1. Expressed in whole Å with the largest first, what are the equivalent ellipsoid semi-axes of the range 49-96 derived from the C-alpha gyration tensor as the square root of 5 times each eigenvalue?
2. How high is the FRET efficiency between residue 65 and residue 30 when r is their beta carbon distance and R₀ equals 30 Å, given to the nearest 0.05?
3. I'd like to compare 103-113, 56-66: which one has the highest average count of other Cβ atoms within 10 Å, and what's the full order after that?
4. Give me the extension gain from residue 75 to residue 98: residue separation times 0.36 nm, minus the current Cα-Cα distance, reported in nm with one decimal.
5. Let's test the formula: R0 of 35 Å, r as the Cβ-Cβ distance of residue 105 and residue 55. What FRET efficiency results, to the nearest 0.05?
């Protein structure tokens, strides 16, 4: 029984010993990554355009992508700013006191009727 246990232990240790024998000498250095393409400029149409205006004493910042208004930040002279956000893309703005609500609910349109 002891011989069988000894043979079994040696069989288990054999792959570890073979791996140790190969060691770091078998490793090859990683080649340098290729340089990025020359034309890596971002599409300017995808970057938001910000329009800042004054309405009375309030400062109004309008954020647009591809000409479509998706967010308005209103900063009153005395108080905290609030945001009007088009969450569904239908043109209806909903008011939020801050951008970080802590809860991220996915709102994908799966099918419209």
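1. Here the semi-axes work out to 20, 13, 7 Å.
2. 0.15
3. Ranked by mean Cβ neighbours within 10 Å, highest first: 56-66, 103-113.
4. Working: separation 23, 0.36 × 23 = 8.28 nm, distance 1.17 nm.
Between residue 75 and residue 98, full extension yields 7.1 nm more.
5. Once the sixth-power term is evaluated, E becomes 0.65.
Every number here is computed from the coordinates shown, using simple stated rules; none is lab data. Small disclaimer: the values here were computed from a predicted structure and weren't measured. Glycine also receives a Cβ, built like all others from the backbone with ideal geometry; neighbour counts cover every protein chain displayed.
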